[in-house]
1. Being in a helix (DSSP H, G or I) and among the β-branched types (Val, Ile, Thr) is the filter here; which residues of segment 6-44 pass it?
2. Given the residues LYS7, LYS30, which is the only one that is basic (Lys, Arg) and loosely packed, with under 10 Cβ neighbours inside 10 Å?
3. If GLU47 satisfies all but one of (1) part of a helix (DSSP H, G or I); (2) at pLDDT 90 or above, what's the number of the condition it fails?
Amino acid sequence: MAQLSDKEMQLVALISEECTTPGDVTTKLKNLFAGTLEKMLEAEMDEHLGYEKNSVDGNLGFAPFTFNNLWSVVPVPGGLCVQV
């Protein structure tokens with residue numbers, strides 16, 4: 001087995017703390033891996049978009065604009081946040 005650092009040994013202890021079977025360890029590792037990937041992807045998306053998830057940045061959703069549909073043009077005042 002590879003030599004583990006002190007931090008890695010602490011992680012091993014935390015992961016195995018409530019596990020009684022190899023299946024428990026596998027489930028916990030899958031959840032940790034999924035959470036890690038989700039956090040990394042959210043950070044990448046924040047960087048790509050230029051703002052954090054669920055934040056209102058600059059004029060996003062607050063600038064006046066018009067909504068065109070087949071029948072009419074509807075002005076939408078500023079200060080209204082529209083979720084798409």
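The values are calculated or read from the model by the stated rules, or taken from the named source; none is laboratory data. Small disclaimer: the values here were computed from a predicted structure and weren't measured. Because the Cβ atoms are built from the backbone with ideal geometry, glycine has one as well, and the counts that use them run over all protein chains shown.
1. VAL12, ILE15, VAL25, THR26, THR27, THR36
2. Going through LYS7, LYS30 in turn, just one is basic (Lys, Arg) and loosely packed, with under 10 Cβ neighbours inside 10 Å: LYS7.
3. Exception for GLU47: condition (2).
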